[in-house]
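What follows is one structure encoded as structure tokens, with my remarks underneath.
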Amino acid sequence: MNSQKKETFTRSDIEKSLKKEFSNLSKNEISEAIDIILESIIETVALDEKVEIRGFGTFSKKLIRPRKFVNPKTKEVSYIGETSVMHFKPSKLLIKK
């Protein structure tokens, strides 16, 4: 089986990368800018709209169907209604890197 190690890119990695690119901005300004961008993406997706960032990917809302589950300890059957989660589809350019 082909086991590929997936790289992770954390918030601190983004902050370091932006600090290199925009050395005139403070760490707080960069952190605040990231917060504003993420909040606007979350708000837009929550309103059932897509957010597409060219060359990066698309954020959208994915609905999870209602389902039942069994508590393994008590064997009690419960039901979860329809829920939604944020879905990210990376662009082809991002996948190649």
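For this structure, a couple of remarks:
- Residue list for the stretch 81-97, restricted to those being among the β-branched types (Val, Ile, Thr) and at pLDDT 90 or above: 83, 85
- For the stretch 51-61, the candidate set comprises residues that are out of contact with any helix residue (DSSP H, G or I) (no Cβ under 8 Å at 6 or more places or on another chain) and surrounded by 10 or more Cβ atoms within 10 Å (Cβ to Cβ); within that set, the residue that is modelled with the lowest pLDDT is 53.
- Number of the exception - residue 64 against (1) at pLDDT 95 or above; (2) surrounded by 11 or more Cβ atoms within 10 Å (Cβ to Cβ); (3) over 22 Å from residue 95 (Cα atoms): (1)
- Residue pairs whose Cβ atoms lie under 6 Å apart, sitting 6 or more positions apart in sequence or on different chains, and linking a residue in the stretch 11-36 that is closer than 18 Å to residue 56 by Cα and touching a residue at least 12 places away in the same chain (Cβ under 8 Å) to a partner that is in a helix (DSSP H, G or I) and among the β-branched types (Val, Ile, Thr), are 15/30; 18/30.
- Among the candidates 45, 51, the residue that is in contact (Cβ under 8 Å) with a residue 24 or more places away in the chain and not charged (D, E, K, R) is uniquely 45.
The values are calculated or read from the model by the stated rules, or taken from the named source; none is laboratory data. Please read these numbers as outputs of a predicted model, since none were measured by experiment. As a convention, Cβ positions derive from the backbone with ideal geometry for all residues, glycine included, and neighbour counts pool all protein chains shown.
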